[in-house]
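Beneath this line is the structure, given in structure tokens, with notes to follow.
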Amino acid sequence: MNEDLHQEIKSNKQYNPQMHSAEHILNQTMVRMFNCGRSFSNHIEKKKSKCDYHFNRNLTEEEIKLINIKVNEVIQQDLIVREEFYTKEEAREKFNLSKLPDDAGEKVRVINIGEYDACPCSGLHVTHTNEIGNFKIISTDFKENVLRIRFKLQIE
Ligand SMILES: [Zn+2]
């Protein structure tokens, strides 16, 4: 993997592996529930985070509840988070690599969250999902075909 990027992430105190791992699970949950893409833009911080999705409306209260339930179910299953390496060619067949930097090496690192999610990523993650804590959506809003989801974690 890209060691420089790894170092850069490690030295950034704002970077929160719990929050970032929750983002992976939220993205997969959104894809499964709404058949939308993963978030195209996000801001991940320890206190609260936000993810933006290409969408056509805001979410209902019922949908927000369902997302909270689903994400927490995955967290509570205490799935193992593991990395796997693919060649670029293999990865291109399975994943959307448009977010991968051009100078990324020949090997693509993919993060697997149990059997629930697999996504190319060079960030830092928890090793088991129950390290994430309790996931809760704070608010959502919808503007110009972008759905924004703000969420927080409560570590028990
Ligand atoms: Zn990641």
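What follows is calculated from the coordinates using simple rules that are stated; it is not laboratory data. Predicted model only: the values in this text are computed from it and were never measured. Note that we place each Cβ from the backbone using ideal geometry, even for glycine, and neighbour counts take in every protein chain shown.
Tabulated results
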{"read-out": "Expected 222 nm ellipticity per residue - DSSP helices of 4 or more, -39500 (n - 2.57), all of the chain, to 500", "value": "-10000 deg cm²/dmol"}
{"read-out": "Label-point separation, THR127 to GLU62 (7 Å along Cα→Cβ), nm", "value": "4.2"}
{"read-out": "Too-long pairs where the Cα-Cα distance tops 30 Å, listed order kept, from LYS107/LYS143; LYS46/LYS70; LYS48/LYS143; LYS46/LYS143; LYS99/LYS136", "value": "LYS107/LYS143"}
{"read-out": "Cα-based equivalent ellipsoid of the chain: semi-axis lengths in Å, sorted from largest, via gyration tensor", "value": "25, 18, 15"}
{"read-out": "Per DSSP, loop chymotrypsin sites (Phe, Trp or Tyr not before Pro) in the stretch 34-102 with at most 15 further Cβ within 10 Å", "value": "PHE40"}
{"read-out": "Charge context of VAL146, other residues only, Cβ under 15 angstrom, K/R +1, D/E -1", "value": "+3"}
{"read-out": "Projected label distance in nm at LYS99 and VAL146, using a 7 Å step from Cα toward the beta-carbon", "value": "1.5"}
{"read-out": "Residues MET33, MET19 arranged by fewest to most Cβ contacts within 10 Å", "value": "MET33, MET19"}
{"read-out": "Convex hull volume of the stretch 82-149 per residue (C-alpha atoms, cubic angstrom)", "value": "134"}
{"read-out": "Sorted peptide list for 124-134, 74-84, criterion being average Cβ within 10 angstrom, highest first", "value": "124-134, 74-84"}
